[in-house]
Amino acid sequence: MQWINDKRGYGWLSIALHWLAAIAIVAMFVTGFRAEMAGDAGDRELRAALMGMHISIGASIVLLLLARVVASYAQPRPAAPEQAPPFKLLAVGTHQLLLLAILIQVVSGPLAVWSGGRAIDVFGLFSIPTPFAERNEGVHELAEVLHAIGRWALIVLISVHVLGALKHAVIDRDGIMRRMLAPPKSA
């Protein structure tokens, strides 16, 4: 069983981290945007409940997302498919920016909560105390801006990533998308 990437394809570790991170990010989008919509509708109670869920899920998946980023750099990369130079640049740039956007979210999310003078409550089971002695408005505003930038960057970059995967599956039919579904067969 191939756990680590090689030049032929991804190993089970990368495949599992990729799909688990994708599911986690979708859950974060759903709870975050629903909380925002509830706030826009004036339902403060629902907004607070959804933000509590968003923060709890975020605290629960932070190590998964960090593992996804680290594993991407710690393992060999499978050989890139043959394609025009602009597509190669777009693919590499999209992957690197996706990892950066994940890191921005992992740092700015907790920082936004903590700098707001609150601990991070994780599903009411335990809390992670704030390192700030009191509310820090400057850090709080910066963290919220970075979190919003990271969120929209992820939306754009994930869209480009999905379109690229569809291009490989439907137009190129080069088997690239299969690499993220299972490791290559032993030679």
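Readers should treat all values here as calculations from the given coordinates under stated rules, not as data from a laboratory. Since this is a predicted model, take the numbers as computed values, not measurements.
Helical content of the chain, expressed as a calculated mean residue ellipticity at 222 nm, amounts to -23500 deg cm²/dmol (DSSP H runs of 4 or more residues, -39,500 (n - 2.57) each, divided by residue number, nearest 500).
Over the chain, what relative contact order in percent results from Cα pairs under 8 Å that are six or more residues apart?
On the way: 209 pairs, mean separation 46.1, N = 187.
Contact order relative to length: 25 percent.
Karplus-based coupling profile of the stretch 42-59, in residue order and whole Hz: x, 8, 5, 5, 5, 4, 5, 5, 5, 5, x, 5, 4, 5, 5, 5, x, 5, with θ = phi - 60° in 6.51 cos²θ - 1.76 cosθ + 1.60 and x standing for Gly or Pro.
Amide H contacts of R8 (H built 1.01 Å from N, in plane; Pro and chain starts excluded): A79 sit under 5 Å, all sequence-distant by 5 or more or on other chains.
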